[in-house]
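To start, the structure itself, in C-alpha cells.
Every read-out reported here was derived from the displayed coordinates using simple, explicitly stated rules and does not represent laboratory data. Worth saying up front: this structure is predicted, and the values here are computed from it rather than measured. Reconstructed Cβ throughout: ideal geometry from the backbone, glycine too, with neighbour counts over all protein chains shown.
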Amino acid sequence: MTSSSTSSRKNLSKIACNRLQKELTEWQASPPAGFNYKVSDNLQRWVIEVVGAPGTLYANETYRLQVDFPEHYPMEAPQVIFMNPAPMHPHIYSNGHICLDILYDSWSPAMTVSSVCISILSMLSSSTVKQRPEDNDRYVKNCRNGRSPKETRWWFHDDKV
Amino acid sequence: MRNKEPVLDDGEVVYEDGPGCGWNAFEDEDVMQQTSSIHDDEAKKLPYVGDKEPLSSLAAEYQSGSPILLEKIKVLAEQYASIRRTRGDGNCFFRGFMFSYLEHLLEAQDKAEIDRVKVNIERSRKALQTLGYAELTFEDFFTLFLEQLEDVIQGKETSISHEELVLRSRDQSVSDYVVMFFRFVTSAAIQNRSEFFEPFIMGLTNTTVEQFCKSAVEPMGEESDHVHITALSDALGVPIRVVYLDRSSCDTGGVSVNHHDFIPSADDLPSSSGSSEKKNPFITLLYRPGHYDILYPN
C-alpha cells in the first residue's frame, strides 16, 4: 500500500514558518480559553491540551489535539486529530479523526490554529450526547493504513453539533 | 470550471439525513491511486495561466459541437483577437483578474493607477481590521501583492519582464497568494456592504453574509460569481468586463454575444484613464458556465 501517510510530509516552507511563528507569538500572548500548548522545538507539530468547558458534557475532561502543519500552510489546512483517547462525540471517530468542515474543504488562510481550536471546543460544547458516529467501526477500519483524515472525502450535514 | 472533487464515482452513498457526518470510503487503494493520478494529470495539462492563443483555438473546441456557439465565437472574433486560458480550479476568476490587471500595468507602465489602487488596498486592510480579522492572517498576502505592483514598473532592480510575470502567475507561491489576497479584499468588501449584498447572497445560498464569506469567498477553490466580481471591482476601483458565451439564443434569429461591465462607483475609477476608457474596462474576461478566461481585444 502506498497511500501517503502523515509521515511523508515535507518541511515547512519559509512563508509557512514565518506565519506559524506569528501564530505562536499571538498564542502565547493570548491563548484561547480552555487550551494549553507547551511550546516544543517542533514548530510543525503542536500538541495542544483542551479542557472541556464548564457546564458541558465534557466539563473538566482533558483531551489532547495533535496539529500537523503542511509545507504550504496556511494555503493548505493543518491536519488536526484527537490523540488517544478521543472524546466520545457524534462527530469524532475513535481514531481521533474529526468531522468538521473547516479542517477540510472550508479551510481558509483567514483561520488560525487558535480559531480552529475554538471551533473544536464549540463543537464539543454543543454536543448533547456522548457517543461515537454511527459508522465509527467501518470508518476506522478504512483508515487502518494510517491514512490522514485530509484524504477522506467528508460530507457535512449538520451545523449545530 | 469546477475541478473540485467530482461527486463520488466509487460507490459509497451519502446519508442524506445522517446524524451529522458522512464520508466516502476508498475500499480499493488502486482505484484511489488511479483516480488521483488522473486528477493530477488533468490539472497539470494547463498551467494556472496559459499562453496567449488566437481566438480560433476557442472555435476549435466546439468544432463538432453546438453550431450556435460557433456562430457566437465568430461574432466574438469581430472584437477579440486572442484568449488566454486559466486553470479550472475554482480560482479562475481571481487568477484571470490578477494576470490581466498586472499585465495591463506592466504594458502601460501605469504608475498613476498603482498609486490609486494602493489607496483602495489600504482601505481594504482597514476594513479587515475593523471586521476583526487578525493582522497575521492577511498581512503576508497584502505584502506579496504590493510587491507585484512595484515589480511591474520598469527601471528598478526588482523590475520584472512580461515573461517573468507569466512565470510568476504560474508559480504557486506567488499566484495562490495573490488569489488569496483578492479573496480577502472581496470578503471584506462584501461584509462592509452586507445590506447591499444580502439579497443576492440569500438568493444564491440562503446563508448569512458572514457565513457566505467564510464558506464561499475565503476558502481557495471556491468559485466566483457576480457577487464576488462586483465586490472586488468596487473594492479595488477597477472596472471589469465579462463577456458571456453560452448556448442561449434570442428569438429574433440574430446571434449576439452579451457582456456586462462591472463599473465601480464613479469616484473610484482609475484616474489615469481617459473618459473614453472609463466605458471600456481594460480587463475583459470570457465567461463560459463555470469558468473564466482572459480575452484580448483586436
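Can you find a residue in the stretch B:163-177 that is surrounded by fewer than 14 Cβ atoms within 10 Å (Cβ to Cβ), in a helix (DSSP H, G or I), within 14 Å of chain A (Cβ to nearest Cβ) and out of contact with any Leu (no Cβ under 7 Å at 6 or more places or on another chain)?
Yes, the stretch B:163-177 contains a residue that is surrounded by fewer than 14 Cβ atoms within 10 Å (Cβ to Cβ), in a helix (DSSP H, G or I), within 14 Å of chain A (Cβ to nearest Cβ) and out of contact with any Leu (no Cβ under 7 Å at 6 or more places or on another chain).
Given A:R138, A:R132, A:R147, A:R153, which one is free of Cβ contacts under 8 Å to residues at least 12 places away in the same chain and more than 30 Å from B:V178 (Cα to Cα)? Break it down into steps so the answer makes sense when it comes.
On the way: A:R132 fails: free of Cβ contacts under 8 Å to residues at least 12 places away in the same chain; A:R147 fails: free of Cβ contacts under 8 Å to residues at least 12 places away in the same chain; A:R153 fails: more than 30 Å from B:V178 (Cα to Cα).
Answer to the check: A:R138.
Do we find a residue being small (G, A, S), under 22 Å from the mean Cα position of the chain (by Cα) and within 12 Å of another protein chain (Cβ to nearest Cβ) anywhere in the stretch B:117-138? I'd like the intermediate steps shown before the answer.
In the first step, residues of the stretch B:117-138 are kept if they are small (G, A, S); the result is B:124, B:127, B:132, B:134.
Within this subset, residues satisfying the condition of being under 22 Å from the mean Cα position of the chain (by Cα) are B:124, B:127.
Now drop any that are not within 12 Å of another protein chain (Cβ to nearest Cβ), which leaves none.
No: the stretch B:117-138 contains no residue that is small (G, A, S), under 22 Å from the mean Cα position of the chain (by Cα) and within 12 Å of another protein chain (Cβ to nearest Cβ).
Residue check: is B:I73 in contact with an Asp or Glu (Cβ under 6 Å, 6 or more places away or on another chain) and either surrounded by 18 or more Cβ atoms within 10 Å (Cβ to Cβ) or within 14 Å of chain A (Cβ to nearest Cβ) (or both)?
Numbers: in contact with an Asp or Glu (Cβ under 6 Å, 6 or more places away or on another chain): no; either surrounded by 18 or more Cβ atoms within 10 Å (Cβ to Cβ) or within 14 Å of chain A (Cβ to nearest Cβ) (or both): yes.
When the stated conditions are applied, B:I73 does not pass them.
Looking only at the stretch B:182-192, decide whether some residue is in a loop (DSSP other than H, G, I, E, B) and either more than 14 Å from every other protein chain (Cβ to nearest Cβ) or under 24 Å from B:S224 (Cβ atoms) (or both).
At the first step, the residues of the stretch B:182-192 found to be in a loop (DSSP other than H, G, I, E, B) are none.
There is no residue in the stretch B:182-192 that is in a loop (DSSP other than H, G, I, E, B) and either more than 14 Å from every other protein chain (Cβ to nearest Cβ) or under 24 Å from B:S224 (Cβ atoms) (or both).
So which of A:D137, A:D101 is at the interface with another protein chain (Cβ under 9 Å from one of its Cβ atoms) and surrounded by fewer than 20 Cβ atoms within 10 Å (Cβ to Cβ)?
Details: A:D137 fails: at the interface with another protein chain (Cβ under 9 Å from one of its Cβ atoms).
Going through A:D137, A:D101 in turn, the sole match is A:D101.
Search the stretch B:187-222 for residues being of a type outside the set (A, V, I, L, M, F, W, C) and in contact with a Cys (Cβ under 8 Å, 6 or more places away or on another chain), and hand back the single one that is surrounded by the most Cβ atoms within 10 Å (Cβ to Cβ). Steps first, answer last, please.
Pass one, the stretch B:187-222, residues of a type outside the set (A, V, I, L, M, F, W, C): B:187, B:191-195, B:198-199, B:203, B:205-208, B:210-211, B:214-215, B:218-219, B:221-222.
If we keep only those that are in contact with a Cys (Cβ under 8 Å, 6 or more places away or on another chain) as well, we get B:187, B:191.
Details: B:S187: 30, B:Q191: 22.
Residue satisfying both the conditions and the ranking: B:S187.
Please determine, by comparing only the residues of the stretch A:105-122 that are more than 10 Å from chain B (Cβ to nearest Cβ) and either among the aliphatic types (A, V, I, L, M) or in contact (Cβ under 8 Å) with a residue 24 or more places away in the chain (or both), which one is surrounded by the fewest Cβ atoms within 10 Å (Cβ to Cβ). Quick ask: steps written out before the conclusion?
Let us first name the residues in the stretch A:105-122 that are more than 10 Å from chain B (Cβ to nearest Cβ), namely A:113, A:116-122.
Within this subset, residues satisfying the condition of being either among the aliphatic types (A, V, I, L, M) or in contact (Cβ under 8 Å) with a residue 24 or more places away in the chain (or both) are A:113, A:116-118, A:120-121.
Working: A:V113: 24, A:V116: 22, A:C117: 23, A:I118: 16, A:I120: 27, A:L121: 21.
Residue satisfying both the conditions and the ranking: A:I118.
For the stretch B:139-148, give me the residue count where each residue is touching a residue at least 24 places away in the same chain (Cβ under 8 Å) and more than 9 Å from chain A (Cβ to nearest Cβ). Give the derivation first.
Filtering the stretch B:139-148 down to residues touching a residue at least 24 places away in the same chain (Cβ under 8 Å) leaves B:140-142, B:144-146, B:148.
Restricting the remaining residues to those that are more than 9 Å from chain A (Cβ to nearest Cβ) gives B:142, B:145-146, B:148.
Residues that pass the stated criteria total 4.
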